[in-house]
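**Student:** Next up is a structure, given as structure tokens.
The values are calculated or read from the model by the stated rules, or taken from the named source; none is laboratory data. Please read these numbers as outputs of a predicted model, since none were measured by experiment. Here the Cβ positions follow ideal geometry from the backbone for every residue, glycine too, while neighbour counts run over all protein chains shown.
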2 protein chains.
Amino acid sequence: MDRQEIIELLNLRGIQPSAQRVAIAQLVLGTDEHPTAEQVWQKASESLPVVSRATVYNTLNLLTENGLLRRHALKGVSSVFDGNPEAHHHFVDEETGELRDIPWDALEVSGLETLPDSEITGYMVVVRGRRRNPTTDKIAQRSRKEGAT
Amino acid sequence: MDRQEIIELLNLRGIQPSAQRVAIAQLVLGTDEHPTAEQVWQKASESLPVVSRATVYNTLNLLTENGLLRRHALKGVSSVFDGNPEAHHHFVDEETGELRDIPWDALEVSGLETLPDSEITGYMVVVRGRRRNPTTDKIAQRSRKEGAT
DNA sequence: TTCTAAGTTTAGAATTAGTCTCTCTTGCAT
DNA sequence: ATGCAAGAGAGACTAATTCTAAACTTAGAA
């Protein structure tokens, strides 16, 4: 995802595309990973002469409010941010705390219609377990990327 | 759930039933709510002359390790503790942040077998939405629902 | 171009959630 | 009763995140 695309994305929601915001957005939206705020700050520090942690948090929160990002509080203490706001499920590796996406279509949930007294705006499945084979996993990730718009 | 029951529960797992532990366990196991550690600490402070936050955390973690409790990191930053260790799903009220249980049998997830390279130890569905007006709705829903518990 | 006002960013202080470590108790053997 | 080891608890500490107030940018009007 290049700089220009990011700028347009921000403009579209009336967010001033400052240098910091563009850089931070690019870091998080352009990856499959689920970085913590701290990780984003470190990477941002490389490309920008100076960034404050507060700016990183402000920006991540801003992007989250605007639906470009999703925030998850699954891993230990610190939240992770997810550049893929499409609906998807999650796999949490119990050993490492790592978070992986599970494509929406991989799982199906039935019975939601029967929940009483509630208006459902969304749902997801959180699967917990251990990753068995790291090698084949890279392939799985790669094939997921191909399908992106 | 009364004091004596709690003490027996603790003894059964070889946990020394100290005054603090019993009080804390009673607070969390005796409710349907999903309090945060902070909330537990505040309530515990009412019944005990002095309790440290650390004791609350120690005890909650101890109970969690012993399967009497479950810890969830779904709501904002802080974890909530769940006195119902049976497997179940969750409903998050988007307006209040409130967490409600959904019985395990209410929902069914299919497709888990097909997840590649992972050994699954557990899963749950997190449903997000708004609770509709409970009074008017219960009636409407009940007529559709019939024989549920 | 210059001025102004609004919006952004910064460093660091403040707040919160959660853990560590050291001290105090308790239970038990003597 | 007495002393010791294991377990429990309190307060200090750390890490994550937000807040604050001042400095800086930017967009647009004059």
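**Student:** Report, by residue number, each residue of region B:24-59 that is in contact (Cβ under 8 Å) with a residue 24 or more places away in the chain, in a helix (DSSP H, G or I) and within 23 Å of B:Leu99 (Cβ to Cβ).
**Tutor:** Hits for region B:24-59 are B:Ile24, B:Ala25, B:Gln26, B:Val28, B:Leu29, B:Ala37, B:Glu38, B:Val40, B:Ala44, B:Val56, B:Thr59.
**Student:** Could you list all residues from region A:53-106 that are modelled with pLDDT under 85 and polar (S, T, N, Q)?
**Tutor:** Within region A:53-106, A:Ser78, A:Asn84, A:Thr96 meet the criteria.
**Student:** Would you say A:Glu5 is loosely packed, with under 13 Cβ neighbours inside 10 Å and assigned to a helix (DSSP H, G or I)?
**Tutor:** Answer is no for this residue.
**Student:** For A:Asn58, which of the numbered conditions (1) at negative phi; (2) in the same structural domain as A:Arg132 (by TED's automatic domain parsing) fails to hold?
**Tutor:** So the condition that A:Asn58 fails would be (2).
**Student:** Still on this structure, please answer the following. Does region B:59-101 hold any residues that are within 11 Å of DNA strand C (Cβ to nearest atom), surrounded by fewer than 18 Cβ atoms within 10 Å (Cβ to Cβ) and more than 11 Å from every other protein chain (Cβ to nearest Cβ), and which are they?
**Tutor:** B:Asn61, B:Thr64, B:Arg71
**Student:** Out of region A:36-91, which residues are under 11 Å from the mean Cα position of the chain (by Cα) and closer than 18 Å to A:Ser18 by Cα?
**Tutor:** Selection gives A:Leu60, A:Leu63, A:Thr64, A:Leu68, A:Leu69.
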